[in-house]
1. Express in nm, to one decimal, how much length is gained between Tyr228 and Arg122 on full extension, taking 0.36 nm for each residue of separation and deducting their alpha carbon distance.
2. Would you mind ranking His35, His112, His276 so that the residue whose beta carbon has the fewest other beta carbons within 10 Å leads the list?
3. How are the alpha carbon pair distances in region 144-285 distributed across 10 Å bins from zero to the largest one, expressed in percent?
4. With +1 on each Lys and Arg Cβ and -1 on each Asp and Glu Cβ, how big is the dipole of the chain about its Cα centre, in debye rounded to the nearest 20?
5. With an 8 Å cut-off on Cα pairs and a minimum separation of 6 or more residues, tell me the relative contact order of region 9-271 in percent.
6. Give the value in nm², to one decimal: projected area of the alpha carbon convex hull of region 30-81, averaged over all directions.
7. Mind giving me the nanometre distance, one decimal, between the label points for Ile74 and Tyr271, set 7 Å out from Cα along Cα→Cβ?
8. Can you give the log10 of the normalised intensity I(q)/I(0) at q = 0.09 Å⁻¹, computed with Debye over equal Cα scatterers of the chain?
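Any read-out appearing in this document is the output of simple, stated calculations on the displayed coordinates, not a laboratory observation. Bear in mind that the values here come from a model prediction, so they are computed numbers and not experimental data. Here the Cβ positions follow ideal geometry from the backbone for every residue, glycine too, while neighbour counts run over all protein chains shown.
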Amino acid sequence: MITEIVAKSLLTSVKQPDPWFGQKYNFNLYRGCQHQCIYCDSRSECYQIKNFADIQVKTNAIELLDSELRRKRIKGTIGTGSINDPYMPVEAQRRLIGRALEVIARHGFPVHIITKGTLVLRDLPTLQDIQRTCGYAAVSITITCADDELGKQAEPGAPSVSERFAAMEKLSSAGILTGVTMMPVLPFIGDNLQNIRSIVQKSADSGAKYIIASYGVTLRDRQREYFYQQLEQKFPGLKMQYLNTFGGRYFAPSRDAKKLETQFQELCATYGIAVHMPMYEPNVAKQPLLF
């Protein structure tokens, strides 16, 4: 179900420093998400979204964004994609992120988008405008597993993994700073060397400049309940394995995290991929687009 709401505000300030994503500000144009990833932390009680499959559209978001950016005195990276995916299917009709990027370009702010959605390619010209204006437009494509079939199990509403890699290649070739958020790496599903090696290799082939990794998954209240239901249906036996291994912990880390991180670092070094995201530097001269 898709409904409309009126938001009171849009931009939030991110606690500094932000070593993961380099954001100064953050915003979300929707509530809920159609990608329905089985592990999504945004189902947690703290986000107060009763049914995460129901989508609420912030109808006044573009006007709010324009008004709030006019009052900002500090230019910093504006991020989106942390609570829901800005490029889920409803965006094809509503075009909120597309219009938001035009506002951001007009005000000369850098941007960092986190997404699984290949619809981001629609807004490539606007991202290039932002790159020309302030020298920083970044898109991080979330990849948790390299295999299409496994990806559909864990992320049933999202584009296939191979489609995401193809979109990454087009973004990178067009001069957009493009990389991968390899998170969460799900214990007993994606936390194996074969998966990590495949993600790094395919990311390199697709022009990724960086990969940000986290080995494990949060398990909070309603998020845990939904995740375990999905494990029962899609991966029989794994729910009990999680319960026996992690109990009621807030975070379920991969048991092989240190080993995987070591291999990951070595692989990234081999392929020339950074393991931290390059951040916006306002005093650095603008860089030309790379074609």
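1. Details: separation 106, 0.36 × 106 = 38.16 nm, distance 3.54 nm.
In short, 34.6 nm is gained.
2. Values: His35 19, His112 25, His276 12.
Neighbour counts put them in this order, fewest first: His276, His35, His112.
3. 11, 38, 32, 16, 3, 0
4. On the way: 35 positive and 28 negative charges, 155 e Å.
Value, rounded to 20: 740 debye.
5. Values: 455 pairs, mean separation 45.6, N = 263.
For region 9-271, the relative contact order is 17 percent.
6. On the way: hull surface 19.4 nm².
The directionally averaged projection comes out at 4.8 nm².
7. Distance between the two pseudo-spin positions: 3.5 nm.
8. Calculated log10 I(q)/I(0) at the listed q: -0.42.
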